[in-house]
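Where a number appears in this text, it was derived from the coordinates with a stated rule and is not lab data. Note that the structure is a prediction, hence the values are computed from the model and not measured. Heads up, the Cβs are rebuilt from the backbone with ideal geometry, glycines too, and the neighbour counts pull from every protein chain shown.
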Amino acid sequence: MNPRQRLPFSFMVSPLVAFPITAGIVVLGSFWQGFVQETGLGCAIRVSLVAGLVALCADYLVTLFVGIPLSLAFRKFDLFRPRVMKVTGGLLGGFPFLLSVQSARREDWPGLVVLLAAGVLSGMATAWLVWRISAGSRSLPASPIDQKERTAMLTVLYDIRCALCRRARAWLDEQAKYVPLDYLAAGSQEARRRFPGLDHDNTLVDLTVVGMNGEVYHGAKAWIMCLWALKKYRGTALRLATPELMPSARRVIAWVSRNRFRMSEAWKT
């Protein structure tokens, strides 16, 4: 799917998640409240289906009038990220029921709690699906980043003992980029100071890339992120990140990692 088509497609499809989530939670809530024992399972299922349809219609309205403007604003201000989207979606989904809980009678609270849970979960799932479809790949950020407004957004930790790694770093440095790259010697004191939570022994085994929000990529995913940062090779990175090609990319990168010192020696001779 063309990247320009992903966002409109996500807004058309994502509200559909509200129906099964709301219907399922209302069924479970019916058991919890004893509604099934009072009216029978058939009545509880009918009520859940009606609730699911109402949630679906409401979700489309919220998506149209609130979700789309917010998503476009998030993309403009570089906030189009899964965590931000899920939190926003949960707040939008649960806010109307939260207001109702405050003014409801005590005996109505169990039903409103069920609807509140359904609203929050369906809102989170809808917002996450918008991000997921629009981003195209869970492991890759959604859009290019303006180099004039950002400092280095991806930090590459590579083994300076390896001649092959040094040549790869030099090649990356020469390429035109969407996203600036910073380079650190794996296992160095500077790397340990900047990223104390990393397994630094492992960074000497596999190439490691740290993203702008602390995301960590190892091995094949790290190489794909490096390619994703380059203007000429972003399309290649997106193809390699697909479920069809990712296993092959992992096998090739793993083989190169195991044999990189041998290859470096052969290169010297």
Next item on the list: Indicate the gyration tensor shape class of the range 154-269 (rounded, prolate or oblate), computed on the Cα atoms with a ≥ b ≥ c the square roots of the eigenvalues: a/c under 1.5 is rounded; otherwise a/b larger than b/c is prolate and the rest oblate.
Entry: rounded
Note to self: Students often get this wrong: which residues of the range 204-218 have the backbone nitrogen under 14 Å from the point 7 angstrom along Cα-to-C-beta of Arg192?
What the structure shows: 204
Next item on the list: For the range 173-219, report the convex hull volume of the alpha-carbon atoms normalised per residue, in Å³, without decimals.
Entry: 89 Å³
Checklist line | Measure of compaction for the range 26-72 (Cα Rg per 2.2 N^0.38 Å) | finding: 1.58
Checklist line | Gain upon complete extension [Leu245, Arg161; 0.36 nm per residue less C-alpha separation] | finding: 27.3 nm
Next item on the list: May I ask you to evaluate 6.51 cos²θ - 1.76 cosθ + 1.60, the Karplus curve with θ = phi - 60°, for each residue of the range 205-215 and list the ³J(HN,Hα) values in order in whole Hz, giving x for glycine and proline?
Entry: 9, 10, 4, 10, 10, 10, x, 5, 9, x, 5
Item checked: Label-point separation, Asn213 to Phe95 (7 Å along Cα→Cβ), nm -> 2.1 nm
Check: Amide H of Leu79: which non-local residues (sequence gap of 5 or more, or other chain) have their own amide H closer than 5 Å, using H built in the peptide plane?
Finding: none
Check: Excluding Ala176 itself, what net charge comes from residues whose Cβ is under 13 Å from its Cβ, given Lys and Arg +1 and Asp and Glu -1?
Finding: +2
